[in-house]
Amino acid sequence: MATELKEVFLKDEFPALLSSLSADQKGKWGVMNGIQMVEHMSDSIRVANGKDQKKLLFNDEQVKKAREFALSDKPFKENTKNIELPEVPPPARNTSMEEAIDEMKREVADFFSAFQGTEQKTVLNPFFGPLTYPEWVHLLEKHAKHHLNQFGLLP
């Protein structure tokens, strides 16, 4: 999928698909409920837009292998472990699903603004290393679809 289509997906389609998700809905796998997943996506996008700067967690060989996967069209596996996430998700910080989705939309808008006119700049991903704008768009779309599948929201 071209970068432009992925941008539309992140900005418009992803939030629209989330609108049918209830805050306490459980996924087909994992421990997050609906609102925790949306907030997790906001947190991930905050890394991409540069607001939440992380340190690299892997060595060069691990990053190379992880990056190859991240930039491929292979989906994340069910129950993919994220070593940065606790076993028990934190309580929701938003009081409603609508607020959580609005927060995520703001982070997406800030992501697009952060890279405007500088698409080749990089922002560090703690697992995949420095990523350019098109690489981040690809990864965020892949991550979003992983969680849409988790909650049965992809048509």
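The values are calculated or read from the model by the stated rules, or taken from the named source; none is laboratory data. All values reported here derive from a predicted model rather than from experimental measurement. Ideal geometry is used to build each Cβ from the backbone, glycine not excepted, and the neighbour counts take in all protein chains shown. Ligands, DNA and RNA are stripped out before the accessible areas are found, and what is left, the full protein with its side chains, is counted by its heavy atoms. Shrake-Rupley method; radii C 1.70, N 1.55, O 1.52, S 1.80 Å.
One residue alone among Val8, Val31 is assigned to a loop (DSSP other than H, G, I, E, B) and among the aliphatic types (A, V, I, L, M), and that residue is Val31. Checked against the criteria, Glu107 counts as under 22 Å from Glu39 (Cβ atoms) and not basic (Lys, Arg).
Of all residues being part of a loop (DSSP other than H, G, I, E, B), in contact with a helix residue (DSSP H, G or I) (Cβ under 9 Å, 6 or more places away or on another chain) and touching a residue at least 12 places away in the same chain (Cβ under 8 Å) in segment 86-102, which is most open to solvent (accessible area, probe 1.4 Å)? Just the residue, please. Ranking the candidates gives Arg93 first.
Per the conditions (1) at pLDDT below 95; (2) in contact with a strand residue (DSSP E or B) (Cβ under 6 Å, 6 or more places away or on another chain), the sole criterion not satisfied by Asp24 is (1).
Determine whether Ala114 is surrounded by 13 or more Cβ atoms within 10 Å (Cβ to Cβ), of a type in the set (A, V, I, L, M) and part of a helix (DSSP H, G or I). For Ala114, the condition - surrounded by 13 or more Cβ atoms within 10 Å (Cβ to Cβ), of a type in the set (A, V, I, L, M) and part of a helix (DSSP H, G or I) - is met. Taking residues in segment 49-74 that are open to solvent by less than 90 Å² (accessible area, probe 1.4 Å), and partners anywhere that are among the β-branched types (Val, Ile, Thr), the pairs with Cβ atoms closer than 8 Å and at least 6 places apart or on different chains are Asn49/Val123; Gly50/Val123; Lys54/Val47; Leu56/Val63; Leu57/Ile83. Could you go through segment 113-126 and let me know if any residue there is under 17 Å from Ala70 (Cα atoms), in contact with a Gly (Cβ under 6 Å, 6 or more places away or on another chain) and of a type outside the set (Gly, Ala, Ser). Within segment 113-126, one or more residues are under 17 Å from Ala70 (Cα atoms), in contact with a Gly (Cβ under 6 Å, 6 or more places away or on another chain) and of a type outside the set (Gly, Ala, Ser). For segment 1-33, taking the residues that are within 26 Å of Val88 (Cβ to Cβ) and without any contact (Cβ under 8 Å) to a residue 24 or more places away in the chain, the one that is most open to solvent (accessible area, probe 1.4 Å) is identified as Lys26.
Mind checking whether some residue in segment 77-85 is without any contact (Cβ under 8 Å) to a residue 12 or more places away in the chain, farther than 25 Å from Val8 by Cβ and more than 17 Å from the chain's Cα centre (by Cα)?
no
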